[in-house]
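Structure, as structure tokens:
The values are calculated or read from the model by the stated rules, or taken from the named source; none is laboratory data. In this text the structure is predicted, and so the values were computed from the model without any measurement. Counting neighbours? That spans all protein chains shown, and the Cβs are built from the backbone with ideal geometry, glycine included.
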Amino acid sequence: MFYPETPKATRSVRMILMEWIPDSVTMGHLIDQGARRHMSPQHRLDILAKAMEVYSKMEFYGVRQLDFAPRNVLLVGSHVDTSMPRVMLFDFGISAVFSQPTCREMQYKSKLPISPRYLFWANFPGEFYEWLPHSHRLWRQILLGWLKSHWENTTEFGGPPVSLGREIANVKTRIWFATPTDDERWSP
């Protein structure tokens with residue numbers, strides 16, 4: 001039945017969605033458990049690359065996770081130490097939804113998701129340093145070399161928007177390329 005005196009209005013609804021995801025672990029937990037001793041350096045970089053790609057795609061579709069950290073990256077699979085897991089981001093309690101009128105974050109407009117190479121060039125999230133191979137933690141030039149080489153010829157991701165391009169141009173450093181090395185075998 002229709003009641004003409006009822007105002008037609010909407011209200012926001014906050015909800016918590018919970019799901020049990022078997023065979024899953026956070027990157028943060030693996031760091032706490034000493035994953036560097038059990039996972040190859042290249043495998044850790046591959047997992048990190050996937051997490052960064054998920055972050056980039058989320059931004060492209062209108063949501064920025066403002067707490068991008070290992071504790072909020074879920075790895076799903078029974079053998080995450082040896083095979084590529086499914087990578088998920090969670091905990092969007094601190095996030096920006098670009099379509100909301102109260103959003104103060106700037107969305108980068110592009111035809112493709114922005115390459116993680118550009119999103120993280122000037123501001124690599126510090127909490128992920130413990131996940132990196134020793135060489136990539138110790139030398140920023142090697143980390144930048146990895147970002148460049150990993151996404152240099154991608155067709156899945158696009159280049160930087162003008163505003164982000166200026167920020168990247170301000171990073172004046174050489175880049176180095178190095179094979180990731182086990183922490184125990186690393187010598188500068």
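One line per residue, one yes/no per condition, for (1) under 27 Å from Trp20 (Cα atoms); (2) of a type outside the set (Asp, Glu); (3) surrounded by 20 or more Cβ atoms within 10 Å (Cβ to Cβ); (4) free of Cβ contacts under 8 Å to residues at least 60 places away in the same chain:
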site: Tyr55; (1), (2), (3), (4): yes, yes, yes, no
site: Asp67; (1), (2), (3), (4): yes, no, no, yes
site: Val80; (1), (2), (3), (4): yes, yes, yes, yes
site: Gly93; (1), (2), (3), (4): yes, yes, no, yes
site: Val97; (1), (2), (3), (4): yes, yes, no, yes
site: Gln100; (1), (2), (3), (4): no, yes, no, yes
site: Lys109; (1), (2), (3), (4): no, yes, no, yes
site: Arg117; (1), (2), (3), (4): no, yes, yes, yes
site: Gln141; (1), (2), (3), (4): no, yes, no, yes
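Of all residues being β-branched (Val, Ile, Thr) and outside any helix (DSSP H, G or I) in the range 51-82, which is farthest from Ala96 (Cα to Cα)? Just the residue, please. Spell out the reasoning first.
Of all residues in the range 51-82, those β-branched (Val, Ile, Thr) come to 54, 63, 73, 76, 80, 82.
Still in the running and outside any helix (DSSP H, G or I): 63, 73, 76, 80, 82.
Values: Val63: 6, Val73: 17, Val76: 25, Val80: 30, Thr82: 34 Å.
Among residues in the range 51-82 that are β-branched (Val, Ile, Thr) and outside any helix (DSSP H, G or I), the one farthest from Ala96 (Cα to Cα) is Thr82.
Within the range 36-63, can you find the residues that are modelled with pLDDT under 95 and basic (Lys, Arg)?
The answer is Arg36, Arg37.
Take the range 90-126 and flag every residue that is in a loop (DSSP other than H, G, I, E, B), farther than 23 Å from Thr26 by Cβ and β-branched (Val, Ile, Thr).
Thr102
Against the conditions (1) in a loop (DSSP other than H, G, I, E, B); (2) at pLDDT below 90; (3) closer than 30 Å to Lys111 by Cα, where does Ala178 fall short? Just the number, please.
Tallying (1) in a loop (DSSP other than H, G, I, E, B); (2) at pLDDT below 90; (3) closer than 30 Å to Lys111 by Cα, Ala178 fails exactly one: (3).
Exactly one condition in (1) surrounded by fewer than 11 Cβ atoms within 10 Å (Cβ to Cβ); (2) modelled with pLDDT of 95 or more is not met by Thr6; state its number.
(2)
Return only the number of the condition from (1) assigned to a helix (DSSP H, G or I); (2) in contact with an Asp or Glu (Cβ under 9 Å, 6 or more places away or on another chain); (3) in contact (Cβ under 8 Å) with a residue 40 or more places away in the chain that Val87 does not satisfy.
Failed condition: (1).
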